[in-house]
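The values are calculated or read from the model by the stated rules, or taken from the named source; none is laboratory data. Here the structure is a predicted model, which is why all the values come from computation and not from measurement. We place every Cβ from the backbone using ideal geometry, glycine too, and count neighbours over all the protein chains shown.
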Amino acid sequence: MTSREPWLDDPLGYLIGSERIETFFAKTYEREALIVHHNAAQRFDGLLNIDDVDRIVTSVDLREGQLALADATREMSSSQYVDASGFIDRGAVADHYRGGATIILNQAHQFEPKLARLCKGLEHVFSSHVQANLYLTPPNAQGFRTHYDNHDVLVIQVEGEKIWRLYDMPIEAPFRGEGFEPGKHETGALRQEFVLKAGDCAYVPRGLMHDAQTSGSVASLHVTVGLITRTWADLILEAVSEVALRSPELRRSLPAGFAHPDFNRDAARKQLSTLAGVLAQEIKLDPALDLMVDTFIRSRPAENRFSILNASKSIEASDRFVLKRHAPFRIAEDGDDIVVIGPGGDLDFTASNRAALERALSGEPFGLSDLKGEKVDAIVSTLLAYGLLIRV
């Protein structure tokens, strides 16, 4: 897989250059754009191409929401390319594309395995949900007017070229719910203009106004990788909830009549200050962060390709296994039992299995003889089924 998909060895480094990663997180991430010209048109060969988009659009029964069309020169609604049953009208899509509309395949990682693997690798880097949308824009066309996104994006130029223009940042690090509203947010002055060619990549932080259009007489295909991150505000809310489980004062009701126009807020202000003091003393990072870690891991789908095909394959003493690359997990305790928190849910084991589990999930190759305990073949079978282990 490594030779065919080199971006999986160092997902972020392959996109922006390994030598830039430290500076990216220290100075660029969530603050400013980064444009990387790799000068290697074939850099993302094998990820996907325009023929793949044509295949998906013309042969997969896509439903409304999976595909969208956009054209900066005219208003477009789903009724123009979605039939009465909610399926995408393939002919209408081709016709509108011929007329200048951009084809957008939303959540394309859900039906393109290579994109899914790239997203999984980046999820490992950022500890966040990562999604991939495809944008195929015909020659001399523009899909969207100037706008900002409410999540950070990595733009991978696969085929053709696109001119990008960056403007001001009217909202710094907007929440997911703070979407762009035409007429409310000012574009500002043009700050930067550049061309992404095949093999290039750009990082655009959320909140930064931008637009892009095809450069030249050939179509442009790019992948927009969206980073759906959790914020400090999310963590603080979880931490406050954890304190509230231990503090009855935080769980008490707001004063009766607080919604009345003439409600006197003086006592409420004093009480809020008192409770803020309680939070300052009692709030803890670890319980809240552990909860967010576990929620993130459980929300990932199990990456268990071949687990059905090989379900009846016996495990031999000579077989070797290793932790799957980028597989998220955490070993925790539940009373006297051991729980492996993994993609899709929890796996329960007895305390006597801890040593075997820790060895199996250590990242070092192993065989059955390396695991101590009873029924270690059953442990390996379960971890294989859930995509935490692979055969080597």
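Quick notes on this one:
- Within segment 56-82, if we keep just the residues that are more than 18 Å from Ala132 (Cα to Cα) and exposed (fewer than 13 other Cβ atoms within 10 Å of the Cβ), the residue that is nearest to the chain's Cα centre (by Cα) turns out to be Asp61.
- Residues that are touching a residue at least 12 places away in the same chain (Cβ under 8 Å) and either among the hydroxyl-bearing types (Ser, Thr, Tyr) or at positive phi (or both), drawn from segment 155-208: Gly160, Tyr167, Ala173, Thr187, Gly188, Gly199, Tyr203, Gly207
- Yes/no for Leu48 being crowded, with 19+ Cβ neighbours inside 10 Å, not small (Gly, Ala, Ser) and not in a helix (DSSP H, G or I): yes
- Filtered residues of segment 294-309 (kept if more than 21 Å from His109 (Cα to Cα) and touching a residue at least 40 places away in the same chain (Cβ under 8 Å)): Asp294
- Considering residues of segment 124-145 that are in contact with a helix residue (DSSP H, G or I) (Cβ under 7 Å, 6 or more places away or on another chain) and polar (S, T, N, Q) only, the residue nearest to Ala198 (Cα to Cα): Asn133
- Within segment 12-27, residues that are within 13 Å of Val125 (Cα to Cα) and at pLDDT 95 or above have Cβ atoms under 8 Å from residues that are of a type in the set (Gly, Ala, Ser) and surrounded by 15 or more Cβ atoms within 10 Å (Cβ to Cβ) in these pairs: Ile21/Gly13, counting only partners at least 6 apart in sequence or on another chain.
- Annotation: of all residues in segment 122-173 being more than 21 Å from Arg230 (Cα to Cα) and small (Gly, Ala, Ser), the one that is surrounded by the most Cβ atoms within 10 Å (Cβ to Cβ) is Gly143.
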